[in-house]
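Chemist: My structure is below; once you've seen it, I'll send some questions.
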Ligand SMILES: [Zn+2]
């Protein structure tokens, strides 16, 4: 009997999600993803056992058996070679288990799968940002391999990226598209707002990476300054110049939350910026928009792209907040770029939101198909 399903699995630091498509990968089979708290901190072997358990549950929902599985694709929040070896466990594991994650994860999982399934099933592992970019490409263009070059970023805990050439992820020597570690200069007119924090450290060990400012991690560090006396006074002055005022209630909620749990405080900033349109919180999110605008302006001359796409957690903002945010990105982009060739117009360096619905797992399936040298199936 021919295999019927393809499985996609998103392994994150917080949770692990399982999805399935039909063999052609053009139909999502389960309306709800299977989602579990991630055990990745305990190392890859524990995650492999958890993955096998999740697959068994998916097979029950699909009323299928192991031999029905045509392929398995997994995403990991780490740089991976094009054949699925994790080079560095940047966002997985603890200081004790990080080293264990530097492993050919796809091969290890394939070996365990074949023991349990009694059949050999190909397993493909890839970086989650690449998979998210691939899924966005599919949502836009389906199977088309028409000539195009797009940059894709995903902003959330960190800032991941992906370069897509004619619909395929561009790997270079392996690590192309690590756009969070591009170091765009802060545009001169915005330098004062970053003066207190001119050389932010990045998780990669570098300094001034765009991820160090345009990410939840960056926002957490930023809050330490912003909620201190100097930060509040600077932001208050800046807002005054635009006829806006601080809301004492918001600060009164943010400060204790930050002391307890900086990550939750950062989420709170995002929520206040979105739902309350709070000036202080929007000022902080502007950091991201300014740096993404500067990043895009730096990238445009590299490949002269059709699209510069923003994906990840920010796509969950309300439409009003998304319009506000992308408006700043576009403005900063135009402020930095003087060359008319790179003017952001329709289809020419156009800055847009991602069309993917957080379906990196499906992107991984599509990447695996491309890696097999097959054409992405029709949409
Ligand atoms: Zn970096």
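Chemist: Between a residue in segment 35-48 that is on the phi > 0 side of the Ramachandran plot and in the same structural domain as residue 14 (by TED's automatic domain parsing) and any residue that is surrounded by fewer than 17 Cβ atoms within 10 Å (Cβ to Cβ) and not in a helix (DSSP H, G or I), which pairs come within a Cβ distance under 9 Å, given they are 6 or more apart or on different chains?
Modeler: 43/94; 43/96
Chemist: Considering only segment 166-203, state which residues are touching a helix residue (DSSP H, G or I) at 6+ places or on another chain (Cβ under 7 Å), more than 16 Å from the ligand (Cβ to nearest atom) and in a loop (DSSP other than H, G, I, E, B).
Modeler: Those that are touching a helix residue (DSSP H, G or I) at 6+ places or on another chain (Cβ under 7 Å), more than 16 Å from the ligand (Cβ to nearest atom) and in a loop (DSSP other than H, G, I, E, B): 167, 187, 196.
Chemist: Which number in (1) touching a residue at least 40 places away in the same chain (Cβ under 8 Å); (2) surrounded by 24 or more Cβ atoms within 10 Å (Cβ to Cβ) marks the one condition that residue 161 misses?
Modeler: Of (1) touching a residue at least 40 places away in the same chain (Cβ under 8 Å); (2) surrounded by 24 or more Cβ atoms within 10 Å (Cβ to Cβ), only one is false for residue 161: (1).
Chemist: Quick check: is even one residue across segment 67-90 out of contact with any strand residue (DSSP E or B) (no Cβ under 9 Å at 6 or more places or on another chain) and over 21 Å from residue 161 (Cα atoms)?
Modeler: Taking every residue of segment 67-90 in turn, at least one turns out to be out of contact with any strand residue (DSSP E or B) (no Cβ under 9 Å at 6 or more places or on another chain) and over 21 Å from residue 161 (Cα atoms).
Chemist: I've got another one for you. Just a yes or no: is a residue in segment 204-213 more than 8 Å from the ligand (Cβ to nearest atom), at pLDDT 95 or above and not in a helix (DSSP H, G or I)?
Modeler: Scanning segment 204-213, I find at least one residue that is more than 8 Å from the ligand (Cβ to nearest atom), at pLDDT 95 or above and not in a helix (DSSP H, G or I), so the answer is yes.
Chemist: Enumerate the helices (runs of 4 or more DSSP H) found wholly within segment 223-291, keeping only those where 2 or more residues are in contact (Cβ under 8 Å) with a residue 12 or more places away in the chain and within 26 Å of the chain's Cα centre (by Cα).
Modeler: Fully inside segment 223-291 and qualifying: 248-260, 262-271.
Chemist: Looking at segment 39-60, which of its residues are buried (at least 19 other Cβ atoms within 10 Å of the Cβ) and in a loop (DSSP other than H, G, I, E, B)?
Modeler: Answer for segment 39-60, where residues must be buried (at least 19 other Cβ atoms within 10 Å of the Cβ) and in a loop (DSSP other than H, G, I, E, B): just 43.
Quick grid of which residues meet (1) under 21 Å from the mean Cα position of the chain (by Cα); (2) at pLDDT 90 or above; (3) in a loop (DSSP other than H, G, I, E, B):
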| position | (1), (2), (3) |
| --- | --- |
| 2 | no, no, yes |
| 6 | no, yes, no |
| 9 | yes, yes, no |
| 18 | yes, yes, no |
| 21 | no, yes, no |
| 24 | no, yes, yes |
| 36 | yes, yes, no |
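Chemist: Also: Just one of the numbered conditions (1) modelled with pLDDT under 95; (2) crowded, with 18+ Cβ neighbours inside 10 Å is not true of residue 168; which one?
Modeler: (2) is the only condition that residue 168 fails.
Chemist: Hey, among 317, 303, 308, which residue is in contact (Cβ under 8 Å) with a residue 24 or more places away in the chain, surrounded by fewer than 22 Cβ atoms within 10 Å (Cβ to Cβ), assigned by TED's automatic domain parsing to the domain that holds residue 149 and closer than 19 Å to residue 159 by Cα?
Modeler: Exactly one residue qualifies, and that residue is 317.
Chemist: Go through segment 331-367 and give me each residue that's in contact with a helix residue (DSSP H, G or I) (Cβ under 6 Å, 6 or more places away or on another chain) and closer than 18 Å to residue 76 by Cβ.
Modeler: Matches in segment 331-367: 356, 359, 360, 362, 363, 364, 366, 367.
Chemist: Right, here's the next one. Quick check on my filter: what residues within segment 124-142 are under 18 Å from residue 78 (Cα atoms), outside any strand (DSSP E or B) and over 16 Å from the mean Cα position of the chain (by Cα)?
Modeler: Answer for segment 124-142, where residues must be under 18 Å from residue 78 (Cα atoms), outside any strand (DSSP E or B) and over 16 Å from the mean Cα position of the chain (by Cα): there is none.
The values are calculated or read from the model by the stated rules, or taken from the named source; none is laboratory data. Fair warning: this is a prediction, and the values are worked out from it, not measured in the lab. Reconstructed Cβ throughout: ideal geometry from the backbone, glycine too, with neighbour counts over all protein chains shown.
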